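Accompanying notes for the structure given below.
The values are calculated or read from the model by the stated rules, or taken from the named source; none is laboratory data. Please read these numbers as outputs of a predicted model, since none were measured by experiment. Reconstructed Cβ throughout: ideal geometry from the backbone, glycine too, with neighbour counts over all protein chains shown. All accessible areas refer to the heavy atoms of the entire protein, side chains included, with ligands and DNA or RNA removed. Shrake-Rupley method; radii C 1.70, N 1.55, O 1.52, S 1.80 Å.
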Amino acid sequence: MQILNDISENLQKGKAKVVKELVQTALNEGIAVKEILGSLLDGMGVIGEKFKNNEVYVPEVLVAARAMNMGTQILKPYLAENGVEAVGRVCIGTVKGDLHDIGKNLVKMMLEGKGLEVIDLGTDVAPEAFVKAAIENDCTIICCSALLTTTMGVMEEVVKAFNEAGIREKVKIMIGGAPITQEFCDKIGADAYTPDAATAADKAVEFCKR
Ligand code: B1M
């Protein structure tokens, strides 16, 4: 579909306002939210490849990221699944040393779409800050995101910090982000790895229902 290509291409050019308008037009035309989100992710994927190959640099990636965030903001109300309601409180953040927040923001939106209350700790979150927030907000789950191979190790420190605080049994630790795998999750003793935002939200609901 042409409009989906246009969304992807304008995202790659960092044209946030155009992306926002196109996303709204696509919604008005009745295109499925999943497909629209797919076109945004596709554009970000192209930028990611170019970034890896030194064809674009940090400023281009930043404007593309801004366009991605503006596009997903328009989709936010539609990411909720009709009739699905869950009760629970989740703390979410990107781990210490890591500033990537697009995936985290998507997970947050999907969790909210399921009716969960989400406390967003932002990026560069230290293990102790996850513990403090979980205690203060009486969270059922914490969600940690990491996009860098150099920061994914912080997730193990997060698990340790919850153990040391004596609240490991009370709080489920969910992890995700591009370099994370099920194997890594098992190794560090987290409760769940999910590869994408929608699966993360489903898993969180499952934990809250138990
Ligand atoms: Co960065 N960056 N970046 N970057 N960046 C990557 C991650 C990289 C793979 C690019 C590359 O080389 N191909 C590479 C990492 C390589 C590695 O670690 N092996 C990289 C690098 C190297 C860096 C810097 C070090 C570059 C530099 O400065 N030299 C630097 C680090 C800064 C820091 O964090 N300290 C850096 C900086 C940046 C920007 C600031 C420019 C920007 C971030 C802007 C922002 O987030 N506000 C940026 C971006 C945008 C990217 C790429 C291009 C896109 C990431 C993204 O948003 N993807 C990325 C390349 C790529 O991924 N192809 C790259 C879209 C997003 C929706 O996907 O976050 O994976 P993702 O989330 C998914 C799932 O993973 C999952 O759900 C989401 C959607 O379904 N998920 C979870 C994510 N978190 C979850 C948590 C959960 C569950 C599921 O909890 C339960």
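Just one of the listed residues (178, 197) is at pLDDT below 95, open to solvent by 10 Å² or more (accessible area, probe 1.4 Å), within 9 Å of the ligand (Cβ to nearest atom) and not assigned by TED's automatic domain parsing to the domain that holds residue 34, and it is 197. Restrict the check to the stretch 127-143 and report whether at least one residue is within 7 Å of the ligand (Cβ to nearest atom) and modelled with pLDDT of 95 or more. Yes, the stretch 127-143 contains at least one residue that is within 7 Å of the ligand (Cβ to nearest atom) and modelled with pLDDT of 95 or more. Counting only residues that are open to solvent by less than 30 Å² (accessible area, probe 1.4 Å) and closer than 21 Å to residue 203 by Cβ, the stretch 132-151 holds 9 of them.
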